[in-house]
Amino acid sequence: MAHSDSASLAIQTAMRAGNINVGGGSGSAVMELSASSIEEQEKHAQLLRRVEAERRARSIVVPTNKDEVRAQLRSLGQPVRKFGEDLADIRERLRELLARIEIDGEEMVIAGLSAPVPPGGQEADGGVAAAAAAAAAADKKKAEQSDVYTEASEELMEARRSIFKFSTGKAASRLAGVKIRRASEEAQQQADVQCRSLYDGAAELGISGSQLGDERPLACVKCSPLPVGGGSNGGKEAGASSSPPCVVATGSLAHFVKLWDAASMEHLGTLGGGAGSGGHTERITGLDWHPGAFGANGFGTGARTLLATGSADSTCKIWSITAGAAASAASSSTSSSGEGSAMADDDNESSSSSSLSSSLSSTRGGNTTAAAVGAGGKCVMTLEGHKHRLGMVCFHPAGEYVGTASFDRTFRLWHCESGKEVLLQDGHLKEVHFLSFQKDGALAATGDFSGVGSVWDLRAGRKVFSMQGHVKRIVSGDFSPNGFQVVTGGDDHTVRVWDLRQRQCSYVVPAHGNLVSSCRFHSSGDALLTTSFDGKCRVWGTRDWRLLTELSGHEGKVMGGDWHPSSCSSSSAGGKRAGLKVFSVGFDRTLKRWEEEGSGF
């Protein structure tokens, strides 16, 4: 009893001193935190915000273009650059700023939604208004990052309809062939035998000819397609060999385009080589033959023999290839700025193609005629509109359009007959150099100097896939004949293989020791030719991406390469594959020919 009395007395004494507070009734007492406790809580909250900001910053994508980074920092009221910062530090600072702004915006929305409702309701309305403003700002930012579409012109709509009609027919034919090979074991075995033969032939490639191409380094090379019937008059002319005639076009840093006989390596003519010839005024950056040149690919003997060239003078020129004993250089041109057609007449074009094929065949016996040496061409159209130098140029597989890539960060599609600009496609952050069309004609692939590639659906006018993986600029590439693979070559010394079905990079080929200057698929799709600034040409098997052969012979950079068209066809005797032949050009100013042993021309 004495113990309980003493305890009760102690409690009463403590209550009078204020050390113990016992609430009465239904009310509750709240004790205020000390200043040190509040300070520690604030430090802890700031630490949590910092950790959350760092976590979010890792998932925020900031632009790689330094101008865009500066613009974003200015819009946020931040200094563009602090002392000692490089571009990586500036991008990291921008990333952290965006993460903190995102967290602050969420806290503002939460504070507005959780604000107590006062009797007048004004503060609650202010909280809801703040939350609505933050949500509107987020929607605006999202809208700014989305794609922007513009209304298509009537010419573009007609082009899309034409491309759609062409591509559906080509795709149906390609898929029918795939179904036949899958359904027939014999067809699959035959394809395997041809692939093994191709790989064996690639291992036997060796240099068979070299020609000094120009006074300045050569930049690009392209072989013409096979003429109708495998040669002029079906290859029945006197002196004609079993190998069909082929014209090799080369472009140089001296703004000339030269034509060569693939068999004899003889110079046939120069495009833009004389005063008033209508040629380019700056170096050649790309060239391509019309798919129906010399009546190839089912276009018929009446098809125009056209060659498209791109240059650093920001123009693309279309040449009508002719031949004649007196035409040692290109004749005067008729320039078009995208309004009128200046194409040669069909009759004249057909006779020109036949004349050139005849002159090519006349060199088979070793006697180079004056007509062959005098082969030249006429500039029939100049496509103007790009604001900067051009990169690659490509004819669309339908033959009705030609595409140009440019350092103005766009690629454009032009109508070959009228010269009108049908499509201007932007969307790249840096200079665009690589351009290639799918063999079906439905898609186009482009690559820029930021290391990002894009695949565009020409029928719908939108981007369907973004190829991100190169750490340096993309400068070359090609579409596979199978229709669903694209390869891109870059300054990071690699070739990346992109699968459009899976929408991802399916393989990375450590192709070379320097920039990969060109990539060309064999028509079967089973082999890939690559050239590089390391002075090498290499052939890869695309079934397992193994190296088949390495071609060394150029002194310095190899600027480009291409397959001879007979390498991509079957001869008439037993359906066997024709011997492999490859052409390459280099910084050493030479055009070189590589042949499979025993193939011959």
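The values are calculated or read from the model by the stated rules, or taken from the named source; none is laboratory data. Predicted model only: the values in this text are computed from it and were never measured. Backbone-built Cβ (ideal geometry, glycine too); neighbour counts: all protein chains shown. For accessibility, only protein heavy atoms count, side chains too; no ligands or nucleic acids. Shrake-Rupley method; radii C 1.70, N 1.55, O 1.52, S 1.80 Å.
What the table shows:
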read-out	value
Close pairs (6 angstrom Cβ cut-off, 6 or more residues apart or separate chains): over 9 Å from residue 472 (Cβ atoms) and open to solvent by less than 10 Å² (accessible area, probe 1.4 Å) in the stretch 490-502, outside any strand (DSSP E or B) and of a type outside the set (Ser, Thr, Tyr) anywhere	495/511
Any chance residue 455 is of a type in the set (Val, Ile, Thr), outside any loop (DSSP other than H, G, I, E, B) and over 24 Å from residue 529 (Cα atoms)	no
Per-region count, the stretch 242-269, residues open to solvent by less than 20 Å² (accessible area, probe 1.4 Å) and at pLDDT 55 or above	17
Meets criteria (modelled with pLDDT under 95 and hydroxyl-bearing (Ser, Thr, Tyr)) for residue 436	no
Among residues of the stretch 186-206, those that are farther than 14 Å from residue 529 by Cα and in a helix (DSSP H, G or I), counted	13
Some residue of the stretch 462-474 being buried (at least 24 other Cβ atoms within 10 Å of the Cβ), of a type outside the set (Ser, Thr, Tyr) and assigned to a strand (DSSP E or B)	yes
Odd one out for residue 239 among (1) exposed (fewer than 15 other Cβ atoms within 10 Å of the Cβ); (2) at pLDDT 90 or above	(2)
Cβ pairs under 7 Å, 6+ apart, first in the stretch 25-38 and surrounded by 10 or more Cβ atoms within 10 Å (Cβ to Cβ), second of a type in the set (Asp, Glu) and at pLDDT 60 or above	none
Complete set of residues in the stretch 272-304 that are outside any loop (DSSP other than H, G, I, E, B) and at pLDDT below 90	293, 294, 295
Counted residues, the stretch 558-601 - those being at pLDDT 90 or above, surrounded by fewer than 20 Cβ atoms within 10 Å (Cβ to Cβ) and acidic (Asp, Glu)	1
Identity of the residue in the stretch 383-417, assigned to a loop (DSSP other than H, G, I, E, B) and touching a helix residue (DSSP H, G or I) at 6+ places or on another chain (Cβ under 8 Å), that ends up most open to solvent (accessible area, probe 1.4 Å)	400
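The rows are residues; the columns are (1) farther than 28 Å from residue 166 by Cβ; (2) modelled with pLDDT of 95 or more; (3) touching a Pro at 6+ places or on another chain (Cβ under 8 Å); (4) not acidic (Asp, Glu).
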residue	(1), (2), (3), (4)
455	no, yes, no, yes
462	no, no, no, yes
472	yes, no, no, yes
478	no, yes, no, no
483	no, no, no, yes
511	yes, no, no, yes
